[in-house]
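**Q** Okay, handing you the structure first.
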Amino acid sequence: MKPAAFKYVRVDSVEAALSALEQYGSDAKILAGGQSLVPMMNFRIAQPSVLVDINPVNEIDFIRAENGWLCIGARTRQTTLEKNPDVNQKCPLLAAAVKWIGHPQIRNRGTLGGSLVHGDPTAELALVATLLDARLVIRSTAKSRTVGPADFFDGFMSTRITETEILTEVRYPAAPPGSGYGFHELCIRQGDFAVVAAAVQFTADDVGLCTEARVAVSGAGPKPLRIPAAEKILAGSDASAAVLDAAAACVPAELQPMSDLKGSEAYRREMARIFVRRALADAWSMAREKR
Ligand SMILES: Cc1cc2nc3c(=O)[nH]c(=O)nc-3n(C[C@H](O)[C@H](O)[C@H](O)COP(=O)(O)OP(=O)(O)OC[C@H]3O[C@@H](n4cnc5c(N)ncnc54)[C@H](O)[C@@H]3O)c2cc1C
C-alpha cells in the first residue's frame, strides 16, 4: 500500500521545525529516519496530512562529552551511536545495544530521537535510556523541559511529548570507573524486534564488592522496566554466583508481560530471568576485570 496524500515541509533548524508544528498542529508529524513512521503510513496506521522533515537539521546531530554526561542530539543516526569513539568509551552499553536494532540499512537512517519517541516497548534504545535513567530534553516554541524515562515512556507505543514539541537531546551518565555492562536479547531471527531483552550495569569497588547495580528488562510489559528488587539484592554484595542467581530469580514476579505469537506470558517471564542472569554474569566479570 502507499500512504495517504500528505504535504511535505523540509526544515533546516529546530526553530523552523517548531514553527511548522505550531502552524499545522495535530495534522503534522516529524519525519526523522522514517524507519517506523513511513511503514506506519504505508499501512495507513498513521495518516498525517503534513510531514515536517528534520533530516537537514544538523544542530541536533552531535555527540558531546560534558561533565560526566554523554549528550547526544536526537537526530543522530543509530549507526553513528554504534561507531562513535566517545559512545564506545563513555557509554559502551549504548553502543552494544544499538547493534541489535534491525539491520545496518535501518540503523543508517533511523535516529536516536525517532526510536525513543516511537516508544516501541522492545526498542533497545528505550531499554538503555530506562536502565541509565537518561535525561530527555524536549523543546517547544515557548520552553525547554528535561524529563526522565519514567515521565516520558507512557505505555505501549505511547510517549509523553505533545504535537508541538521536539525531542532535541538525550543525556546519558557516563559509565563510572570500574563499571561493567551486560546486554542480552532474545529474538526469533537476527534483526527482528526483541521478544525480551535484559540490560545490566554494575560498578565494583577496590575490594570487589558491588557498589551499584542497575537491572532493566524490555518485552515484558508495555514499556521497559527497572527491577529494583534485583538491584537491592546486588548492591553491597560480593556478586557471587548465588547472589546473581537470587537477583535473577526475583525478576519474573516484577514483570507484566502479555502473551502473543512470539511467546506466552510464562515464557517471557522465564526468558527474562535467564537473560538477566546472563547479563549479570557478563557485567560483573567486566567490572571485576576493570578494577
Ligand atoms: C525492518 C525493520 C526492523 C527494525 N528493527 C528494530 C529493532 O530491532 N529495534 C528497534 O528498536 N527498532 C527497530 N526498527 C525501528 C527503527 O529503530 C526506527 O528507526 C525507529 O523506531 C524510529 O526512528 P526514526 O528516526 O526512523 O523515526 P521516524 O520513523 O521518522 O519517526 C518515528 C516517530 O517519532 C517521531 N519523531 C522522530 N523524531 C522526533 C523528534 N526528534 N522529536 C519528536 N518526535 C520525533 C515521528 O514523528 C514519529 O512519530 C526497525 C525498523 C524496520 C523498518
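No lab work stands behind these numbers, since they all come straight from the coordinates. Keep in mind that this is a model prediction, so the values were computed, not measured. Glycine also receives a Cβ, built like all others from the backbone with ideal geometry; neighbour counts cover every protein chain displayed.
**Q** If Lys and Arg each add +1 and Asp and Glu each add -1, what is the summed charge of the other residues whose beta carbon sits under 12 Å from the beta carbon of A16?
**A** Residues near A16 contribute -4 overall.
**Q** Would you list the membrane-span-like helices of the chain, meaning whole DSSP H runs whose alpha-carbon atoms span at least 30 Å along their axis and whose mean Kyte-Doolittle value is at least -1.0?
**A** 265-290
**Q** While we're here: For the chain, compute the orientation-averaged projected area of the C-alpha convex hull (one quarter of its surface), in nm².
**A** 14.9 nm²
**Q** Can you give me the Rg/Rh ratio for region 56-95, using Cα atoms for both radii and the Kirkwood formula for Rh?
**A** Result for region 56-95 is an Rg/Rh of 0.95.
**Q** Restricting attention to region 104-155, which trypsin sites (Lys or Arg not before Pro) occupy a DSSP loop and are surrounded by at most 16 other Cβ atoms within 10 Å?
**A** K143
**Q** If you take the alpha carbon radius of gyration of region 1-77 and divide it by 2.2 N^0.38 Å, what ratio comes out, to two decimals?
**A** Dividing the Cα radius of gyration by 2.2 N^0.38 Å gives 1.25.
**Q** Given the -39500 (n - 2.57) contribution per DSSP H run of 4+ residues, what per-residue ellipticity at 222 nm results for the chain, rounded to the nearest 500 deg cm²/dmol?
**A** -10000 deg cm²/dmol
**Q** Also: Consider all pairwise Cα distances in region 131-245 and report the whole-number % of them above 21 Å.
**A** Here the tail beyond 21 Å accounts for 50 percent of pairs.
**Q** Return an integer: the convex hull volume of the alpha-carbon atoms of region 179-290, in Å³ per residue.
**A** 86 Å³
**Q** Using only Cα atoms, figure out Rg for region 58-173 and give it as a multiple of 2.2 N^0.38 Å.
**A** Ratio of Rg to 2.2 N^0.38 Å for region 58-173: 0.97.
**Q** May I have the pair-distance distribution P(r) for region 140-206, computed from all Cα-Cα distances with 5 Å bins from 0 and rounded to whole percent?
**A** 3, 11, 14, 15, 17, 17, 12, 7, 2, 0
**Q** Sort M286, M271 by Cβ crowding within 10 Å, fewest neighbours at the top.
**A** If I rank by nearby Cβ atoms, fewest first, I get M286, M271.
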